[in-house]
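Read the structure below first, then the notes.
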Amino acid sequence: MTAAFEYGQAFSRNIGWITEQEQQVLRETRVAIAGMGGVGGSHLLTLTRLGIGRFSLSDFDRFGVENFNRQAGARLSSVGRPKLETLVEMALDINPHLDIRTFPQGIGAHNVDHFLSGASVYVDGLDFFAMDARRAVFSACHRLGVAATTAAPLGMGTAVLNFLPGKMSFEQYFRLDGLPEAEQYLRFLVGLAPARIHQGYLMDPSRVSLQARSGPSTPMACELCAGVAATQVLKIVLKRGRLLAAPWGLQFDAYENRLATTWRPGGNRHPLQRLAIAVGRWLLAGHLKPARQALPPSTEPQT
């Protein structure tokens, strides 16, 4: 089976949207992805099909039945299996010539530099609540000059932020340092999607609990994240196309048929963000209501 694989033929249908020379650049590119669950697995498979040839991957979790609604590697045959091992097999089944470094113990300050070594881009696939690991990776990206993108699955859409070398850092945007865990989660959520397009169709707010580290999800959001994140990777690596960097961001919601371009100078220091954080605390204290009765609509300009 391996002998039948030929890179140029496998990814020939990419040519036209990218050139043959650009395809070879992607082939030599290393992308780091932490987390092989909800969005991370879809990121890996989408980037593999784009023709990215090298990966650094991390995850320490195993698949369970509760993952079936959204995670690319979750199926009956993978229940109980390591997510990392499963997704590596799936990626190699697309391109058996991939160069993959694995980090099955997870990512932290002790190994993040090794994880990012040689990577052109970091794509965030960590669980929403893995804040210590996320902050460690984004901090290292800023220090090492590695471009980073995060595409968050929200409702039936995605919210995208890029943190690029020489631009605003993750910490400068979200401002999490020294804050309690629950406050970090809230600020991360508010900072991800200033336009708040997804808020209007949450049918059962009782399913959202930052304290219990739980919330609803959809497969549509995860697949949209993968498509948008892979496009950011392509633009970063090939150095073409308009690329927004924080404090600029994008949010697209397929349910609401809306796309918003957001701009929050100062990140969560911006007055609108500070207000949204304060309102978020009030709502999470037990005042969330069903669909279209939560926060007032955002005044964010739509495109």
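A few comments on the model shown:
- Selection from segment 56-73 of residues that are buried (at least 22 other Cβ atoms within 10 Å of the Cβ) and aliphatic (A, V, I, L, M): Leu57, Ala72
- Evaluated against (1) touching an Asp or Glu at 6+ places or on another chain (Cβ under 9 Å); (2) among the aromatic types (Phe, Trp, Tyr); (3) surrounded by fewer than 22 Cβ atoms within 10 Å (Cβ to Cβ); (4) within 27 Å of Lys235 (Cβ to Cβ), Phe138 falls short on exactly one condition, (3).
- Residues in segment 41-54 that are under 17 Å from Lys235 (Cβ atoms), part of a helix (DSSP H, G or I) and among the hydrophobic types (A, V, I, L, M, F, W, C): Leu47, Leu50.
- Candidate set: segment 85-111, residues that are touching a Leu at 6+ places or on another chain (Cβ under 9 Å) and part of a helix (DSSP H, G or I); chosen: the one farthest from Arg62 (Cα to Cα): Leu92
- Qualifying residues in segment 1-40 (those that are touching a Lys or Arg at 6+ places or on another chain (Cβ under 7 Å) and either in a helix (DSSP H, G or I) or basic (Lys, Arg) (or both)) - the one farthest from Val65 (Cα to Cα): Tyr7
- Condition met for Asp93 (farther than 30 Å from Tyr185 by Cβ and either acidic (Asp, Glu) or without any contact (Cβ under 8 Å) to a residue 12 or more places away in the chain (or both)): yes
- Selection over segment 129-172 of residues that are under 19 Å from Asn268 (Cβ atoms) and touching a Lys or Arg at 6+ places or on another chain (Cβ under 8 Å) gives a count of 3.
- Conditions (1) in a helix (DSSP H, G or I); (2) touching a strand residue (DSSP E or B) at 6+ places or on another chain (Cβ under 7 Å); number of the one not met by Gln184: (2)
- Meets criteria (within 21 Å of Met131 (Cα to Cα), crowded, with 19+ Cβ neighbours inside 10 Å and touching a Leu at 6+ places or on another chain (Cβ under 6 Å)) for Val146: yes
- When Leu44, Leu76, Leu98 are checked against the criterion of being under 17 Å from the mean Cα position of the chain (by Cα) and of a type in the set (A, V, I, L, M, F, W, C), a single residue qualifies: Leu44.
- Filter pass, Gln232 being among the polar types (S, T, N, Q) and within 21 Å of Ala72 (Cα to Cα): yes
- Selection status of Gly53, touching a residue at least 40 places away in the same chain (Cβ under 8 Å) and within 20 Å of Thr158 (Cβ to Cβ): no
Taken together, the values in this text are just the output of simple stated rules run on the coordinates, not laboratory data. Keep in mind the model is a prediction, meaning the values are calculated, not measured. Virtual Cβ from ideal backbone geometry, glycine too; neighbours counted across all protein chains shown.
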